[in-house]
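Colleague: Once you've had a glance at the structure underneath, I'll fire off some questions.
The values are calculated or read from the model by the stated rules, or taken from the named source; none is laboratory data. Only a predicted model underlies this, so the values are computations on that prediction, with no experimental measurement involved. Cβ placement follows ideal geometry from the backbone for every residue including glycine, while neighbour counts extend to all protein chains displayed. SASA here: full protein model, heavy atoms, side chains in, ligands and nucleic acids out. Shrake-Rupley method; radii C 1.70, N 1.55, O 1.52, S 1.80 Å.
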Amino acid sequence: MVRAKKASLEAPRGRPGVLPRQPQPSSDRFGRFTEWIARAMGTPLFLLMLSLACIAWISWNTLAPMSLRFDSAANGFTALTLMLSLQASYAAPLILLAQNRQDDRERVQIEQDRQRAERNLADTEYLAREIVALRMALTDVTSEVVTKDVLRQELARVLEQLDDRDAARERSAHDTAAARTDREDDHRPREEHQDGTDRP
């Protein structure tokens, strides 16, 4: 009994004996080619080469022997006219395709710039709000915070008040103690006088 082979995860699934499909040429590659053609056709070198080719074509078909001419001047250089028309008929769509690709790129760039501008605007507004909040907090703090000099003056004043209060308490305690001793001294002779005896 023949066992079925397990499908390998490393190889793509497909029918055996069928060659894999060749990758299709990328449309982006063709777009880059059209842009290269359009860019080359818009240079002074291309115009110079086209002008030299036309001058050589006309000179050859005018000055060369009749047996070597391939385009008749009597017919108005029909082949040259057809070649230039063919070149123009291909150049116009290629230029339009390159321009469309450029427009697509510019559209994407504009969208990215717009999103970047929105992010920058949001960040700027956030930073502006944070700066205003910090300024308000600093204003509140500076209006409520006591400087070191003011704090020293207040502490010195409180210490003076505490010293005055302690001195007043000491004076009142001393006065109370003195008054008590005076009263005791006043009571002692009366008791001796009432008893009639001298107590040691």
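Colleague: Run the simple label-point estimate for T78 and Q99 please: 7 Å along Cα→C-beta, distance reported in nm.
Modeller: Label at T78, label at Q99, 3.3 nm between them.
Colleague: Quick check: Cα centre of region 42-88 to Cα centre of region 104-139, how many Å?
Modeller: When both Cα centres are located, 60 Å separates them.
Colleague: Another question, then. In what order, largest first, do F30, F77, F46 sit by accessible area if the probe radius is 1.4 Å?
Modeller: So the residues, ranked largest to smallest area, are F30, F46, F77.
Colleague: So, one more: Counting only protein chains, not ligands or nucleic acids, how are Y90, Y126 ordered by accessible area (probe 1.4 Å), most first?
Modeller: The ordering from most to least exposed comes out as Y90, Y126.
Colleague: Between A167 and D140, take the C-beta separation as r, use R0 = 45 Å, and let me know the FRET efficiency to the nearest 0.05.
Modeller: Calculated transfer efficiency: 0.65.
Colleague: Can you work out the FRET efficiency for the pair R129 and R152, with r the C-beta to C-beta distance and R0 = 30 Å, to the nearest 0.05? It would help to have the intermediate numbers written out before the result.
Modeller: Values: r = 38 Å, r/R0 = 1.26.
Plugging the Cβ-Cβ distance into 1/(1 + (r/R0)^6) gives 0.20.
Colleague: Name the long-range amide H neighbours of R69: under 5 Å, sequence gap of 5 or more, or other chain; modelled H, no Pro or chain starts.
Modeller: none
Colleague: Name the shape class, rounded, prolate or oblate, that the alpha-carbon gyration tensor gives for region 39-98, where a ≥ b ≥ c are the square roots of its eigenvalues, rounded holds for a/c under 1.5, and otherwise prolate holds if a/b is larger than b/c and oblate otherwise. Don't skip to the answer; put the middle values down first.
Modeller: Working: a/c = 4.35, a/b = 1.99, b/c = 2.19.
Judged from the Cα gyration tensor, region 39-98 comes out oblate (a/c at least 1.5, b/c at or above a/b).
Colleague: Continuing with the same structure: Say R0 is 35 Å: what FRET efficiency, to the nearest 0.05, do L52 and A117 get from their beta-carbon distance?
Modeller: After rounding, the FRET efficiency stands at 0.10.
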